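Report on one structure; see the data block that follows.
The values are calculated or read from the model by the stated rules, or taken from the named source; none is laboratory data. Everything quoted here is computed from the prediction, not taken from an experiment. Methodologically, a virtual Cβ is constructed for each residue, glycine included, from the backbone with ideal geometry; neighbour enumeration extends over all protein chains shown.
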Amino acid sequence: MGNWKLVVVAALGSLVIAAIIGTALASEDAGEETWGDLRKFASKEEIEAFLKEHAQGGRSDGGYSWAPGIAGQETAADAPAPASTAAPTSSARDYSTTNVQVEGVDEADFVKNDGKHICIISGETLAILEAFPAKDAKIVSETRIDGRPTALFLAGDRLVVFATRTEEQMTTPEGSVTPVPVWRTVTHAYVYDIGDRRDPDLVRTLTFTGNYYDARMIGDYVYALTREAPVWVRDEIVLPEVRAGDAPPLRPDVYRPESPLQNYVFYTASAFSVRNDTGTPDAETFLLGYDTTLFVSQENLYIGYRNTGPVYSGPTAGMTSDSAGTRDRTIIHRFAIERGQIDYRAMGEVSGHLLNQFSLDEYAGNLRVATTVEGWTREGSLQYNNVYVLDPAMKTIGTLEHIAPDERIYAARFSGDRLYLVTFKRIDPLFVIDLSDPKRPGILGKLKIPGYSDYLHPYDADHIIGVGKETNENTWGGVSIEGLKIALFDVSDVNNPALVDSVVIGEAGTDSEAFRDHKAFLFAAEKGLLVIPVSEIKRGENPSSSYRGSYSTTTWQGVYVYSVSPSSGFTLKGTVAHGEKGPSYAWNSLNTVRRSLFMDDTLYTVSQKSIVMTGLGDYSRINEVFLPYREEAYPTPYPVW
């Protein structure tokens, strides 16, 4: 049977925190630079010459920094005192929020709630529902968004909506007597005052050139990242811009790392307060690689990107032991963040590439990193996994390499002083790895389990939940992928991790939004509540066929609701249907459940088509509110495997 490995990495304990390196960004006249510093371009002409010499076309990825306190930019002192973010009266006493990686660091999503109202992006519309109590739930306002809305933040009576669109801009190349048009993708951040949920008031519009990449919010401060491939007009580069309303555009300084990359993309990092309706956001632009991962703690922002270009030949301080032996490497930049200001601190490099944001975590002032190395040697393909610990100066102080050869990471989750790591190929154990001594990590134990997990979520300090797929050996000796699988593991004894319970839902082809997006996973430990969105493949006899044994497949759309406990495992409490007996190709249909949330004892399940409200006591349907999504505006995508 195919199995997956869960690697548990124990804590690093308290470590001596290295002295913080200088806050000033490296510049041409700043004296001798250490490896890993960012270098500021002196002029537009220098950027053009650099790209013509070094860029190979195609894609690249990103990191960034900026210098706060520039005249005309908003600072912490400029922002008015935060308004109360208390939930409105007659709201739920207990309600769920977005499932985030780091407590206190909100992640942008297409749906948010405050225990009374639900704010949701539905197609090109921002809809606000008065959702509690559920029996009276209704849409109280619909606001058409200019562009294609992507994600939002909710902070009390302030709402931020990110939307992308293509705009025609005019630029005057050198030597031209008249402006020429250039089409660019831009990201708008629309800030609304929603003190009156029935009449949202647009109070500010911020514009950033490039596609929306990701964003975080800490308190009232939003940190956003956009990216744009270099735009050329008549052999002249068009640089990224940031605009606040009708004010003249800000053209941020542009930085690049010292280490060479194979390709380059502009990333613009911006920060603004949702309470300040004037001033220009802090912003800087970075010429970096394409395959980028953003991780944000409460004190630092990290950008990691894959670098498959020439192996860096400079000083090796901070490099990992096998960095010089493989072209599959990841560069990571660290930035200190505080109240809307971002200061560049340091850069490090590790071997391998990141899976997603959960491959990074900050603990006791150090960054922990999990990577997979993939490449080719004279002997054939190369694949294995690594775990690193980097100090605040981004120097590697802990290394465990060559884990699970010939496999790759499927899921990673740092929790306190441990790392849970899932690798998968055929028959593999669950690894428990000790990092209590950062200089001498070692494997403590392992457990063989069938299947694999795409997402891991801590239940408590000694238990973790995995969501993924079941696997079985097929008749040809290979591995076949079966239905959706959830599993509960006891890791209290790190030498002997144990499977407490597992459940398989549906058959081969069964899918879940939680495989791809952790925000679709709803778990409330205090309620013992677990909600999993499911597009379930069901096979049964074909009643319309005259041939015996003929069968057909259908897809059931909805959620499975479980209670979870370390003693009894999973107990199915009920299901909520959004679409039954649909065609077997109905993944990502209008009925596919993408999010779930609760307010007191009501479960709200969200698809593109509607929000269904169900009682958590008897699982009877209370209400359903249909959303203003227009199917013809956005064709249904193919499933993501």
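Structure above, values below:
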{"read-out": "Residue in the stretch 92-104 that is among the hydrophobic types (A, V, I, L, M, F, W, C), under 27 Å from residue 281 (Cα atoms) and modelled with pLDDT of 95 or more present", "value": "yes"}
{"read-out": "Filter result (basic (Lys, Arg) and at pLDDT 75 or above) within the stretch 415-473", "value": "418, 469"}
{"read-out": "Subset tally (residues that are surrounded by fewer than 24 Cβ atoms within 10 Å (Cβ to Cβ) and part of a strand (DSSP E or B)) for the stretch 272-281", "value": "1"}
{"read-out": "Those residues of the stretch 117-142 which are buried (at least 19 other Cβ atoms within 10 Å of the Cβ) and without any contact (Cβ under 8 Å) to a residue 60 or more places away in the chain, in sequence order", "value": "121"}
{"read-out": "Residue list for the stretch 220-239, restricted to those being more than 23 Å from residue 295 (Cα to Cα) and in a loop (DSSP other than H, G, I, E, B)", "value": "230, 234, 235, 239"}
{"read-out": "When residues of the stretch 293-330 are limited to those that are of a type in the set (S, T, N, Q), surrounded by fewer than 22 Cβ atoms within 10 Å (Cβ to Cβ) and in contact with a helix residue (DSSP H, G or I) (Cβ under 9 Å, 6 or more places away or on another chain), the one modelled with the highest pLDDT", "value": "313"}
{"read-out": "All strands (runs of 3 or more DSSP E) inside the stretch 116-161 with 3 or more residues being under 14 Å from residue 189 (Cα atoms)", "value": "148-155"}
{"read-out": "Set 220, 199: member being farther than 25 Å from residue 337 by Cα, touching a residue at least 12 places away in the same chain (Cβ under 8 Å) and out of contact with any helix residue (DSSP H, G or I) (no Cβ under 6 Å at 6 or more places or on another chain)", "value": "199"}
{"read-out": "Extreme residue, nearest to the chain's Cα centre (by Cα), among residues of the stretch 567-618 that are at pLDDT below 90 and outside any loop (DSSP other than H, G, I, E, B)", "value": "579"}
{"read-out": "Test: residue 254 is over 20 Å from the mean Cα position of the chain (by Cα) and among the aliphatic types (A, V, I, L, M)", "value": "yes"}
{"read-out": "Any chance residue 98 is in contact with a Pro (Cβ under 8 Å, 6 or more places away or on another chain), among the β-branched types (Val, Ile, Thr) and touching a residue at least 60 places away in the same chain (Cβ under 8 Å)", "value": "no"}
{"read-out": "Top-ranked residue of the stretch 100-109 - restricted to ones that are surrounded by 20 or more Cβ atoms within 10 Å (Cβ to Cβ) and of a type outside the set (Gly, Ala, Ser), ranked as farthest from residue 296 (Cα to Cα)", "value": "109"}
{"read-out": "Any hit, the stretch 256-272, residues being free of Cβ contacts under 8 Å to residues at least 24 places away in the same chain, touching an Asp or Glu at 6+ places or on another chain (Cβ under 9 Å) and farther than 27 Å from residue 363 by Cα", "value": "no"}
{"read-out": "Filtered residues of the stretch 257-271 (kept if in contact with a helix residue (DSSP H, G or I) (Cβ under 9 Å, 6 or more places away or on another chain) and either more than 22 Å from residue 348 (Cβ to Cβ) or crowded, with 24+ Cβ neighbours inside 10 Å (or both))", "value": "261, 264"}
{"read-out": "Those residues of the stretch 377-398 which are in contact with an Asp or Glu (Cβ under 9 Å, 6 or more places away or on another chain) and either in a strand (DSSP E or B) or of a type in the set (Lys, Arg) (or both), in sequence order", "value": "381, 382, 383, 384, 385, 386, 387, 388, 396, 397, 398"}
{"read-out": "Odd one out for residue 381, checked against (1) modelled with pLDDT of 95 or more; (2) surrounded by fewer than 21 Cβ atoms within 10 Å (Cβ to Cβ)", "value": "(1)"}
{"read-out": "Filter pass, residue 269 being small (Gly, Ala, Ser), under 26 Å from residue 41 (Cβ atoms) and either within 21 Å of the chain's Cα centre (by Cα) or modelled with pLDDT under 90 (or both)", "value": "yes"}
{"read-out": "Members of the stretch 493-517 that are closer than 25 Å to residue 101 by Cβ and outside any strand (DSSP E or B)", "value": "494, 497, 512, 513, 514, 515, 516, 517"}
{"read-out": "Options 89, 85; residue that is in contact with a Gly (Cβ under 6 Å, 6 or more places away or on another chain), at pLDDT below 95 and either part of a loop (DSSP other than H, G, I, E, B) or surrounded by fewer than 16 Cβ atoms within 10 Å (Cβ to Cβ) (or both)", "value": "85"}
{"read-out": "Residue 399 out of contact with any helix residue (DSSP H, G or I) (no Cβ under 6 Å at 6 or more places or on another chain), over 28 Å from residue 473 (Cα atoms) and polar (S, T, N, Q)", "value": "yes"}
